[in-house]
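Have a look at the structure below before the remarks.
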Amino acid sequence: MTAANPHETLEQITGDYKYGFVTDIESELAPKGLNEDIIRFISAKKGEPAWLLDWRLKAYRIWLKMTEPSWAKVSYPDIDFQDIHYYAAPKTGKDGPKSLDEVDPELLATYEKLGIPLKERGILAGVAVDAVFDSVSVATTFKDKLQEAGVIFSSISEAVKEHPELVKKYLGSVVPYSDNFYATLNSAVFTDGTFVYVPKGVRCPMELSTYFRINEAKTGQFERTLIIADEGAYVSYLEGCTAPMRDENQLHAAVVELIALDDAEIKYSTVQNWYPGDKQGRGGIYNFVTKRGACRGRRSKISWTQVETGSAITWKYPSCILQGDHSVGEFYSVAVTNNYQQADTGTKMIHIGRNTRSTIVSKGISAGRGQNTYRGLVRMLSGAEGARNHTQCDSLLIGDACGAHTVPYIEVKNPTAQVEHEATTSKISDDQLFYCRQRGLSAEEAVALIVNGFCKDVMLHLPMEFAVEAQKLLGVSLEGSVG
Amino acid sequence: MTVMLEIKNLHATVDGREILNGINLTIRTGEVHAIMGPNGSGKSTLSYVLAGRDGYMPTQGSVTFLGRDLLALDPAERAAAGIFLGFQYPVEIPGISTMNFLRTALNAVRKARGEAELSAADFLKLVREKAKTLDMDPEMLKRSVNVGFSGGEKKRNEMLQMAMLQPRLAILDETDSGLDIDALKVVSHGINALRGPERSLLMITHYQRLLDYVVPDVVHVLAKGRIVKTGGKELALELEREGYAPYVGEAA
Ligand SMILES: Nc1ncnc2c1ncn2[C@@H]1O[C@H](COP(=O)(O)OP(=O)(O)O)[C@@H](O)[C@H]1O
Ligand SMILES: [Mg+2]
């Protein structure tokens, strides 16, 4: 199927959510349900070594005894974990594509439609992409160029085979397999994801990104990302995500682990645009994600930037463990909830080392009947001599039926540590809307402009290549919220 | 001269209360009109009704602008048709630079008028030139719209927007209030620069001070939601001497 104008066709199919189409491709599915055989099946599919299968099984046995967390301010019906396919992969030849030329044209067309051309030229010429489709990575671009610089950028399945020593050393070292209900589930059943290793002293020569796409019905996506910046290394990484429009809810439970050694810096950006459900709150992705970075080295830095516009429910707290002296953690977040979306998101900054610093800037926008909670922990341990945190937490309300909540937790065990917390809540005022409209903007353009202004302090941390897209996305997510 | 704006028997309510009760006003192309009146007489309400603000409900009468039914258009359509409202209290938009705002507004209006967007270079050239005539520091354009601006700076910013958008009818609501004499001269200069055979002005003011610099063709007195007297520019001087007391009584 090649449409003359893919964008036009897309809009006809999907209306507001422009990424809601389904790719008609033959998939190989694991039978529904979760048990040790399924885990063995996944592991065998990936040709994994025994240690990794053991690791999965240990996680699974722990998970069986765990209960779903209930402290977040989100509500949803019980998830039937036996009613999910834990593995779905587009059918390919025996070993999967070796190069971009071998990738199924249908998949290439899908990513083209999503605005993520898997070609090593064009608008994203400066960005290397790993494309994850349901449970597997279907293509990774610019591998050779990155290899020249010594950077490893591959799917995690491939990394298990090619760089087992690195994977074994770091996998689960930040988010252990017993960490929490969803992370433990992920440890048992993760299927693919991205692996990045930047060696000592190397500044990664281009932006790296992964584009996650859920396509199959009744599947969950459980990806695992592992990024290691060795001493003095720098890398900027971005993930994007979309899914088809469906009436049922689909589960996405990812784990991301970052490790920064001495003087290393990792910049991790997310533009999350999973299908949010319809205007009545039917369908949409449950986005239950564990993301954590360890600043192990001295003067290391981890910076999270997230723009969360999609998903029916978002549950995620990208965190930093500031172990190394003088290490720095940052969290910049925009979360939008419109219609019946719910978001409970924030961060944890755990200060262990001396003179560690962290900055939190959270912007929550609620419209329609959306519920938006900022939940953040700042913990200064007894060794965190001279540590500092600044938190700025702003909520913007559009209309009267939505909600914004701020839940900060602050624990200080070192008397020299300083913690500052500021929070504001405001509404988009009629004055602002009218002022913009009088100057020629439509009501929707006016909302988009005002919201972008509200989010500026976060948006300016996004890589340039994605900032414009993310700005537009904010406007689109809030369509229909006024007027 | 052709008629630009014709208001016939306009009634309007705010929060269910009738604020305008039977306004009649005709502005021809190229004319400058001033509306004066005591506080609370409905001057700002009239400007909002003309610009299409939600909550300011026309209940009777008609408004024709360049041959079109103005009341049928939404605020952005009115802006594109050439209505500009200079706000009595300009609004702050945090996080959006004045430059970005001007560009977004200008492009929105140009698009609606079927004109091409200005290139970044042409836009920059134009905005710098206009800012200069208003004695505005270009650095100010980098700051968020009206955030932390002084009263005078806010009013200059309104004039800059007007100069960029080149409206057919500018309604200026108490543009003179809060200005010192130097700022008043600069702003008046900006208003006069817009005057021309193709444009009209409706100046709302409390004092006649502004009218020394921007001399009107017609002066109206608005009291209790109705135009109670119309005259030439000498009417402004008379009001300055004698106050609004006689008119307030008359309309009651
Ligand atoms: N948003 C509003 N809500 C309620 N009453 C209003 C509102 N705006 C104006 N009014 C009332 O309408 C009347 C006219 O106000 P306004 O048009 O601001 O007068 P002026 O500009 O001549 O001082 C006043 O009595 C004012 O209290
Ligand atoms: Mg007024």
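Here are some notes:
- Heavy-atom accessible area, probed at 1.4 angstrom with all protein chains present, ranks A:Lys301, A:Lys472 as A:Lys472, A:Lys301, highest first.
- Within straight-line reach of A:Lys161, meaning a Cα separation under 15 Å, sit the following aspartates and glutamates at least 8 residues removed in sequence or on another chain: A:Glu48, A:Asp95, A:Asp192.
- The stretch B:133-202 versus the stretch B:66-80: alpha-carbon centroid distance in Å: 23 Å
- For the stretch B:89-119 versus the stretch A:205-236, the gap between their alpha-carbon centres in whole angstrom: 37 Å
- Placing one equal scatterer on every Cα of chain A and applying the Debye formula, the log10 ratio I(q)/I(0) at q = 0.08, 0.11 Å⁻¹ is -0.45, -0.89.
- Among beta bridges from DSSP that stay inside the protein assembly as shown, the antiparallel ones total about 20%.
- Rounded to two decimals, the Cα-based Rg/Rh of the stretch A:173-330, with Kirkwood Rh, is 1.01.
- When A:Arg296, A:Arg61 are compared by accessible surface with a 1.4 Å probe, the order from highest to lowest is A:Arg61, A:Arg296.
- In this view, the solvent-accessible surface of A:Asp80, computed with a 1.4 Å probe and all protein chains in place, comes to about 90 Å².
- Gap separating the Cα centres of the stretch A:433-454 and the stretch B:1-57, nearest whole Å: 24 Å
- Of the residues A:Ile79, A:Gly353, A:Phe41, the one whose Cα sits farthest towards the positive end of the charge dipole of the protein assembly as shown is A:Gly353 (charges of +1 on Lys and Arg Cβ, -1 on Asp and Glu Cβ, taken about the Cα centre).
- On Cα atoms only, tilt of B:181-194 relative to the major axis of chain B in degrees: 90 degrees
- Counting only aspartates and glutamates at least 8 places from B:Lys43 when in the same chain, those with an alpha carbon closer than 15 Å to its own are B:Glu18, B:Asp173, B:Glu174, B:Asp176.
- For the stretch B:1-113, size of Cβ-based charge dipole, Lys and Arg +1, Asp and Glu -1, in debye: 360 debye
- Here the calculated FRET efficiency for A:Ser429 and B:Asp180, from their Cβ-Cβ distance with R0 = 25 Å, stands at 0.30, rounded to the nearest 0.05.
- Exposure check, 1.4 Å probe, all protein chains in place: B:Glu234 carries approximately 110 Å² of accessible surface.
- Size of charge dipole - the protein assembly as shown - debye, nearest 20, with Cβ of Lys, Arg +1 and Asp, Glu -1, no other charges: 860 debye
- Ranking A:Pro318, B:Gly52, A:Val103 by how far each Cα lies toward the positive end of the dipole of the protein assembly as shown (charges on Cβ) leaves A:Pro318 at the top.
- Cross-link pairs exceeding 32 Å between alpha carbons, from the set A:Lys427/B:Lys8; A:Lys18/A:Lys218; B:Lys111/B:Lys154; A:Lys32/A:Lys113: A:Lys427/B:Lys8.
- When the P(r) is computed for the stretch A:250-350, the part past 16 Å accounts for 56% of the Cα-Cα pairs.
- Isotropically averaged projected area of the stretch B:63-170, using the convex hull of Cα atoms (one quarter of hull area), nm²: 7.1 nm²
- Kirkwood's formula applied to the C-alpha pairs of the stretch A:430-483 gives a hydrodynamic radius of 11.6 angstrom.
- Across chain B, the relative contact order, built from alpha-carbon pairs under 8 Å that are at least six residues apart, equals 27 percent.
- Using the Cβ-Cβ distance between A:Glu148 and A:Lys169 with R0 set to 25 Å, the FRET efficiency from 1/(1 + (r/R0)^6) comes to roughly 0.55.
- Net charge dipole, chain B: roughly 440 debye, given to the nearest 20, about the Cα centre with Cβ charges of +1 for Lys and Arg and -1 for Asp and Glu.
- Distance violations [Cα-Cα > 19 Å] among A:Lys267/A:Lys301; A:Lys143/A:Lys168; B:Lys155/B:Lys233: A:Lys143/A:Lys168; B:Lys155/B:Lys233
- Mean partner shielding of peptide A:451-457, defined as the number of other chain Cβ atoms within 10 Å of each residue Cβ, is 4.
- Square roots of 5 times each gyration tensor eigenvalue, C-alpha, the stretch A:162-252, largest first, Å: 28, 18, 10
- For A:Cys241, the solvent-accessible surface computed with a 1.4 Å probe is close to 10 Å², ligands and nucleic acids excluded.
- Accessible area in the full protein assembly, largest first, 1.4 Å probe, for A:Ser366, A:Ser137: A:Ser137, A:Ser366
- Counting every alpha-carbon pair across the stretch B:175-232, the share separated by more than 15 Å comes to 53%.
- Among the helices of chain A, those built from whole DSSP H runs whose Cα atoms reach 15 Å or more along their own axis and whose mean Kyte-Doolittle hydropathy is at least -1.0 are A:50-64, A:443-454, A:464-477.
The values are calculated or read from the model by the stated rules, or taken from the named source; none is laboratory data. Please read all numbers here as calculations on a predicted model, not as lab measurements. Please note: Cβ atoms are built from the backbone with ideal geometry, for glycine as well, and neighbour counts cover all protein chains shown. Accessible surface areas use protein heavy atoms only, side chains included; no ligands, DNA or RNA. Shrake-Rupley method; radii C 1.70, N 1.55, O 1.52, S 1.80 Å.
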